[in-house]
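Trainee: So that we are looking at the same thing, I have put the structure below in structure tokens.
The values are calculated or read from the model by the stated rules, or taken from the named source; none is laboratory data. Treat the numbers as computed from the prediction; the structure is a model and nothing was measured. Methodologically, a virtual Cβ is constructed for each residue, glycine included, from the backbone with ideal geometry; neighbour enumeration extends over all protein chains shown. Ligands, DNA and RNA are excluded from the accessible area calculation, which covers all protein heavy atoms including side chains. Shrake-Rupley method; radii C 1.70, N 1.55, O 1.52, S 1.80 Å.
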Amino acid sequence: MNGYDTTPPDAPNKEKPSKAALIKRFLTPKTNGGQSNRAVLPAAKKYPSSYTQFEQFEGYKQQKMLRDAAKLLGAENPFFGLHEGTAGATTVINGKECINFSSYDYLGLSSDPRVQQAAIEAIGTYGTSVSASRIVSGERPIHRELERALAETYQVDDALVFVSGHATNVSVIGHLFGAKDLIVHDALIHNSALVGAQLSGATRRSFPHNDTEALERLLIEQRDRFERVLIVVEGIYSMDGDAPDLPELVRIKNQFGALLMVDEAHSFGVLGATGLGLREHANVPAKAVDIWMGTLSKALAGCGGYIAGSTALIEQLRYSAPGFVYSVGMAPPVAAASLAALNILRTEPERVSSLHTNGRYFLEQARAYSFNTGLSMGYSVVPVVLGNSLKAVKLSISLLEQGINAQPIIYPAVEERAARLRFFISCSHQTKHIDQALAQLDSLK
Ligand SMILES: Cc1ncc(COP(=O)(O)O)c(C=O)c1O
């Protein structure tokens, strides 16, 4: 029945209306005088304002209370600082040049002229947008070139790029697993993997950070209650800067008939002598891991995420992962920039060596000042744990006043006792940048 048909479904079978009467009926606007099939509206009720007004949403009220409290205690908002140009080892914030430890451009490629030129040329050839999902008419050669290069670099069958790193985890984990499955993840896993696990409807369990014995105990107890089991870890943990024991994880996943997924957001381009990531660092063949995930937004100077793995995995995702099929194809300048960055990574391993030197130097010097650097292994991420959110915010603001940009990581992103400043290290940092930052931090603490 369409919206114009005013005959009740159970009306007695009348004479067939004439064509003219039918046309008239279609052209006459629907009225409500007992003729319409529209539902009779109940009397308007009053609903609590917390149902209808964003100001009354509990989440908003809590955020606002925290911001107001911080202001009262004399801490300005350290978030959403406005960088006026490229943010590399140095950056300009509110007109002031600072040494920058808050950008994950680990190989300094976002400002590289070759990367920028590749983006410009891709705009000239393909435009700024592909204006469609790839499955329909958004596919461009630059997408295939980037995916081929990623698959070759990983030494796996194939790869697929998504427009967001976060959406890659949400979509892939959410899509591949379901109610009969178990997803087991490190307690410090990134939010995107958690959201994917929740979306999947699978049972979700976490194991204490990097504790493979606890993982094994959990699987001894739980494995046989489920069909598929996914273990999810990160290559370098984004808040702590440490890496998992990959050979042990591979052994466990084989023993328990599970699948292993490694999120290399902060380890690809970083770990291993030539930046090939956790597998190079741990000397494990790429195919020992079932799902390699990474982001283009860090070492690869772009935006988006990728999955690398077997033909069957990538084919399945290419035709059915919601965040791929129902989303626009990657913008050509972004794909071209990341492809150029990947080519530079493959031909200039000295960038990776400089990053290692800087990370090691930062960690050693920070320890020499007796800062609590937590679990950091001294590669791309080094935290200075302060144990108090307000202290972290205040220190970050004071540092910025002195020309050092290091972001606070506070509750609820980490536990209150783990509140910290987080330093991202780049191959472009100079020794004097690190010396100056740590000396300033020491003078303020
Ligand atoms: C471990 C990890 N995975 C996934 C993401 C999401 O990536 P993106 O910011 O590129 O969307 C991040 C973000 O920084 C991350 O740290």
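Trainee: Given the whole protein assembly as supplied and a 1.4 Å probe, what does the accessible area of Lys391 come to in Å², nearest 10?
Mentor: The accessible area of Lys391 comes to roughly 90 Å².
Trainee: Give the percent of DSSP beta bridges with both residues in the chain that are antiparallel, rounded to the nearest 5. Kindly include the intermediate steps, with their values, before the conclusion.
Mentor: Details: 24 of 43 bridges.
If we restrict to bridges inside the chain, about 55 percent are antiparallel.
Trainee: Another question, then. Would you mind telling me the share, in percent, of accessible area of segment 175-257 contributed by carbon and sulfur at probe 1.4 angstrom? Don't jump to the answer; show the numbers that get you there.
Mentor: On the way: 1630 of 3560 Å².
After summing per-atom areas, the C and S share lands at 46 percent.
Trainee: Can you give me the orientation-averaged projected area of the convex hull built on the Cα atoms of segment 113-347, in nm²?
Mentor: Details: hull surface 46.8 nm².
Average projection, Cα convex hull of segment 113-347: 11.7 nm².
Trainee: Who wins for biggest fluctuation among Asn77, Asn100, Asn405 in a Gaussian network model of the chain, springs between alpha carbons below 10 Å?
Mentor: Of Asn77, Asn100, Asn405, the Gaussian network model singles out Asn77 as fluctuating most.
Trainee: Rounded to the nearest 20 debye, what is the charge dipole size of the chain about its Cα centre when +1 sits on each Lys and Arg Cβ and -1 on each Asp and Glu Cβ?
Mentor: Details: 43 positive and 44 negative charges, 391 e Å.
With only Lys, Arg, Asp and Glu charged at Cβ, the dipole is about 1880 debye.
Trainee: Rounded to the nearest whole Å², what accessible area per residue is found for segment 276-413 with the 1.4 Å probe?
Mentor: Using a 1.4 Å probe on heavy atoms only, each residue of segment 276-413 averages 37 Å².
Trainee: Filter Lys64/Lys394; Lys61/Lys96; Lys180/Lys287 down to the pairs with a C-alpha to C-alpha distance above 23 Å, please. Mind showing how you got there, number by number?
Mentor: Details: Lys64/Lys394 18 Å; Lys61/Lys96 33 Å; Lys180/Lys287 25 Å.
Where the Cα-Cα span goes over 23 Å, the pairs concerned are Lys61/Lys96; Lys180/Lys287.
Trainee: Another question about this same structure. Out of Asn388, Ile425, Asn343, whose Cα points farthest toward the positive end of the dipole of the chain (charges: +1 Lys, Arg; -1 Asp, Glu; placed on Cβ)?
Mentor: It is Asn388.
Trainee: Any idea which of Ile123, Ser443, Tyr60 is furthest toward the positive side of the dipole for the chain, if Lys and Arg beta-carbons carry +1 and Asp and Glu beta-carbons -1?
Mentor: Tyr60
Trainee: What ranking, highest mean first, results for peptides 155-163, 261-269, 138-146 when packing means the other Cβ atoms within 10 Å averaged over each residue? Mind showing how you got there, number by number?
Mentor: On the way: 155-163: 20.8, 261-269: 28.6, 138-146: 18.1.
Most protected by this proxy first, the peptides run 261-269, 155-163, 138-146.
Trainee: Any lysines with Cα under 20 Å of the Lys19 Cα? List them, leaving off those in the same chain fewer than 8 positions away.
Mentor: Lys30
Trainee: On to the next question. With the calculation restricted to Cα positions, what are the radius of gyration and Dmax of the chain in angstrom?
Mentor: When restricted to Cα atoms, the chain yields Rg and Dmax of 26.9, 96 Å.
Trainee: Please report, in debye to the nearest 20, how large the charge dipole of segment 63-182 is about its Cα centre when each Lys and Arg carries +1 at its beta carbon and each Asp and Glu carries -1 there.
Mentor: Details: 10 positive and 14 negative charges, 86 e Å.
With only Lys, Arg, Asp and Glu charged at Cβ, the dipole is about 420 debye.
Trainee: With all protein chains present and a 1.4 Å probe, how do Arg225, Arg422 order by accessible area, largest first?
Mentor: I get Arg225, Arg422, largest accessible area first.
Trainee: Using the alpha-carbon centroid of each, what span in Å lies between segment 353-408 and segment 319-343?
Mentor: 33
Trainee: Work from the charge dipole of segment 113-347 (Cβ charges, +1 for Lys and Arg, -1 for Asp and Glu, about the Cα centre) and give the residue of Ala321, His209, Leu296 farthest towards its positive end.
Mentor: Comparing the listed Cα positions along the dipole, Ala321 ranks first.
Trainee: For Tyr379, what accessible area in Å² do you get when you roll a 1.4 Å probe over the heavy atoms of the protein chains, rounding to the nearest 10?
Mentor: The accessible area comes out at roughly 50 Å².
Trainee: When the chain is modelled as a GNM with alpha-carbon springs shorter than 10 Å, which of Gly302, Gly59, Gly275 fluctuates the most?
Mentor: Result for the chain, Cα springs under 10 Å: Gly59 fluctuates most.
Trainee: What ranking of Arg417, Arg134, Arg228, Arg204 comes out by heavy-atom accessible area, probe 1.4 Å, highest first? Display every interim value, and only then the final one.
Mentor: Values: Arg417 180, Arg134 15, Arg228 115, Arg204 95 Å².
I get Arg417, Arg228, Arg204, Arg134, largest accessible area first.
Trainee: So for segment 281-398, averaging the separation of alpha carbon pairs under 8 Å that are six or more residues apart and normalising by length, what relative contact order in percent results? Don't jump to the answer; show the numbers that get you there.
Mentor: On the way: 93 pairs, mean separation 17.3, N = 118.
Across segment 281-398, relative contact order equals 15 percent.
Trainee: How many percent of the accessible area of segment 363-419 is carbon or sulfur, using a 1.4 Å probe?
Mentor: Details: 1270 of 2550 Å².
Carbon and sulfur together cover 50 percent of it.
Trainee: Report the charge-dipole magnitude of segment 113-347 in Debye, nearest 20, computed about the Cα centre from +1 at each Lys and Arg Cβ and -1 at each Asp and Glu Cβ. Numbers along the way, then the final one.
Mentor: Values: 19 positive and 25 negative charges, 104 e Å.
The dipole magnitude comes to about 500 debye.
Trainee: Taking 8 Å as the Cα distance limit and 6 or more residues as the minimum spacing, I'd like the relative contact order of segment 113-347 as a percentage. Don't skip to the end; give the middle numbers.
Mentor: On the way: 483 pairs, mean separation 73.3, N = 235.
Reported as a whole number, the value is 31 percent.
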